[in-house]
Amino acid sequence: ITILNADGRDYGEFAIYYNSFSNVRNIRAELLDAHGNRIRRLGRRDVRDESAISSISLMEDGRIKRFEMYHDTYPYTIVVEYEVDYSGYVDFPGWYPLRHRASIQRSRYTAVVPSTEEVKYYLANSDIEPEISEEGNMTSYTWELKNHGVPRAEIRGLNWREVAISLHINTSFI
């Protein structure tokens with residue numbers, strides 16, 4: 001994510017949801033100046049682990065890992081990468097690479113499943129084909145979006161979320 005001015009500061013806030021069926025690991029982030037020089041890396045102490053339980057439910061176990069990456073000199077770039085492992089899941093999370101009023105330099109979504117499982121997906125508003133690779137008894141499906149502009153919403157037209165790219169995926173064992 002490249003932040004061009006103070007109006008984009010909120011794009012430096014990140015939240016990764018997980019629960020008892022998922023595990024967030026290998027969170028990596030770095031902040032780069034306008035010339036691509038590293039200003040700082042995300043430290044372990046920079047990531048907060050918070051409850052995501054609503055005040056009306058006792059049966060939730062959701063949690064959120066939160067962190068912020070800010071700099072006072074613009075423009076700057078934030079590079080973020082993390083992995084989420086799912087076990088006993090009901091559904092894969094969707095991929096929504098675009099944010100309101102923000103273009104994408106690069107966003108990637110990878111699903112790794114047993115090779116014996118059939119993967120079904122629906123990709124809205126794009127013709128990106130997944131890159132498929134096999135390693136041992138696992139198959140990886142990777143969708144990547146590079147250098148994509150802001151979705152154009154027309155006056156009195158569809159909401160930007162309705163014209164943005166989204167991926168919905170499941171397998172035969174769901």
Given charges at Cβ of Lys, Arg, Asp, Glu: segment 1-142 dipole, positive-most of Val24, Thr77, Ser87: Thr77
Ordering of 66-79, 109-122 by burial proxy (mean other Cβ atoms within 10 Å per residue, highest first): 66-79, 109-122
Using a Förster distance of 45 Å, the FRET efficiency for Ala6-Asn137 (Cβ separation, nearest 0.05): 0.35
Dipole magnitude of segment 92-137 about its Cα centre (Cβ charges: Lys, Arg +1; Asp, Glu -1), debye to nearest 20: 500
Over segment 1-137, equivalent-ellipsoid semi-axes from the Cα gyration tensor in Å: 28, 22, 15
Residues of the chain: accessible area per residue with a 1.4 Å probe, Å²: 69
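The values are calculated or read from the model by the stated rules, or taken from the named source; none is laboratory data. Here the structure is a predicted model, which means the values were calculated and not measured. Note that we place each Cβ from the backbone using ideal geometry, even for glycine, and neighbour counts take in every protein chain shown. Side chains are part of the model used for accessible areas, which takes the heavy atoms of the whole protein and leaves out ligands, DNA and RNA. Shrake-Rupley method; radii C 1.70, N 1.55, O 1.52, S 1.80 Å.
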